[in-house]
1. I'm told residue 42 meets every condition in (1) more than 30 Å from residue 260 (Cα to Cα); (2) in contact with a helix residue (DSSP H, G or I) (Cβ under 8 Å, 6 or more places away or on another chain) except one. Can you identify the failing condition by its number?
2. Just to be sure, is residue 96 under 21 Å from residue 17 (Cα atoms) and without any contact (Cβ under 8 Å) to a residue 60 or more places away in the chain?
3. Between a residue in segment 135-163 that is at positive phi and any residue that is surrounded by fewer than 19 Cβ atoms within 10 Å (Cβ to Cβ) and part of a loop (DSSP other than H, G, I, E, B), which pairs come within a Cβ distance under 6 Å, given they are 6 or more apart or on different chains?
4. I'd like the full set of residues that are in contact with a strand residue (DSSP E or B) (Cβ under 8 Å, 6 or more places away or on another chain), surrounded by fewer than 16 Cβ atoms within 10 Å (Cβ to Cβ) and assigned to a loop (DSSP other than H, G, I, E, B), limited to segment 92-115.
5. Taking only segment 153-200 into account, find how many residues are over 14 Å from residue 214 (Cβ atoms) and surrounded by fewer than 19 Cβ atoms within 10 Å (Cβ to Cβ).
6. Among the residues of segment 13-34, which ones are over 17 Å from the mean Cα position of the chain (by Cα) and more than 25 Å from residue 117 (Cβ to Cβ)?
7. So residue 38 ticks every box in (1) touching a residue at least 60 places away in the same chain (Cβ under 8 Å); (2) assigned to a loop (DSSP other than H, G, I, E, B); (3) within 17 Å of residue 193 (Cα to Cα) but one. Which box is left unticked?
8. Select from segment 44-79 the residues that are surrounded by fewer than 17 Cβ atoms within 10 Å (Cβ to Cβ), part of a loop (DSSP other than H, G, I, E, B) and in contact with a strand residue (DSSP E or B) (Cβ under 8 Å, 6 or more places away or on another chain) and list them in ascending order.
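Taken together, the values in this text are just the output of simple stated rules run on the coordinates, not laboratory data. Note that this is a predicted model, so its numbers are computed, not measured. Cβ atoms come from the backbone with ideal geometry, glycine included; neighbour counts cover every protein chain shown.
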């Protein structure tokens, strides 16, 4: 099994990325990325999965329909992932959905197999909790648009992480590959990467996943670039390293068999002490890159 999928390797037709449970060899998590031209449109059936449509760049209309009716949401989107928080749309299972864009753009479809059918909903950018996590050179920004406790889903958990150039995130290395009530969740995870260029030079970073003694013994040390994907069925994941001069963005998609939708992690015992150093260091002054917009009256 290949866990690092360089840009283009996970493509399928109009989809720049198409990771399904069948292709990943697991049970729950999915990710699709649409690159649509001006006037472009894409229709898909959600089948047995719930989805969040998230603009990475550009704006779009999301129209979803089922036997009970039709809903349509106008997503204002953003210029790119380094310029602002985006609004988003939740699409339930057993529906047919069309994404249409007037000016073109790139749109992530984060998905998870589920059993409950929740209503289609719009998520405003102003409601997205923006968290600063870590400190010093472990500082990063987390946009918790689809986090457990921030937005209701049945199984899906999805967040965005921005790591300033030269910093480490997903550190200390952590795992969530076994069911330990109240301590650790069993969650499959997908990382999708983008990088800020510098004077036309593309960015890059590095991703580490090391075996935890469970599952497949996943072992990855990958140089990652724009559009790359890393699959994490199990194992200690981290660090995610952004090279100096280039901010790193990754989209995390998680889901699993747990009856409770929760992100519970276990730190690697060799590196857990790093968390204890954070209160004595300032957060990287480059953060936040941006905050959620104010709620309109």
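1. Single failed check for residue 42: (2).
2. yes
3. 136/281
4. 94, 102, 103, 104
5. Result for segment 153-200: 10.
6. Start the filter on segment 13-34 by keeping residues that are over 17 Å from the mean Cα position of the chain (by Cα), which leaves 13-14, 22-23, 25-27.
Selection gives 13, 14, 25.
7. (3)
8. 48, 79
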